[in-house]
């Protein structure tokens, strides 16, 4: 399978979180076209696992969906940040925790037909509490849940955040013997 050749790239719109970009490309057969997409530097999501096996979840309002969402702590990759540093910042901001043990579990593309974003997934353990500093737009409720409770919420449709579902799948791939937690 051969790739497409990018001929040029144009920024259509820009804000602090992402850009809307439009590429002009050439297909392997020679046809030329345009592709408009959400140009995002990336994101990080953290699975904060407590000593008792439960994990820290955050519930926050998601404007575009017009409802609350249950999620692992997550945030866009800030300019100049390495993914691990970004994950550490998001855990502090959203959950009020600092972890001393970090394991990168993987990464995935949340919406690869519309965006070039990769989400970096981390498991965090061994915590100390710090003041949470959510952004002005974030009103966050912190919950401690078992993995079984999370899976039940997914089955009920009350946990519907796709990035959280993907991160749980990545976690499960690394912990195949983990049954009913």
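The values are calculated or read from the model by the stated rules, or taken from the named source; none is laboratory data. Here the structure is a predicted model, which is why all the values come from computation and not from measurement. Every residue, glycine as well, gets a Cβ built from its backbone with ideal geometry; the counts of neighbours run over all protein chains shown.
Taking segment 49-84 as the search range and keeping residues that are more than 19 Å from residue 126 (Cβ to Cβ) and part of a loop (DSSP other than H, G, I, E, B), which one is farthest from the chain's Cα centre (by Cα)?
66
For segment 10-31, state whether one or more residues are in a strand (DSSP E or B), at pLDDT 95 or above and assigned by TED's automatic domain parsing to the domain that holds residue 115.
No - not one qualifying residue is present in segment 10-31.
Listed residues 84, 91, 70; which is in contact (Cβ under 8 Å) with a residue 12 or more places away in the chain and within 19 Å of residue 146 (Cβ to Cβ)?
Numbers: 84 fails: within 19 Å of residue 146 (Cβ to Cβ); 91 fails: within 19 Å of residue 146 (Cβ to Cβ).
When all the criteria are applied, what remains is 70.
Of the residues 49, 62, 22, only one is out of contact with any helix residue (DSSP H, G or I) (no Cβ under 8 Å at 6 or more places or on another chain) and surrounded by 18 or more Cβ atoms within 10 Å (Cβ to Cβ); which?
49
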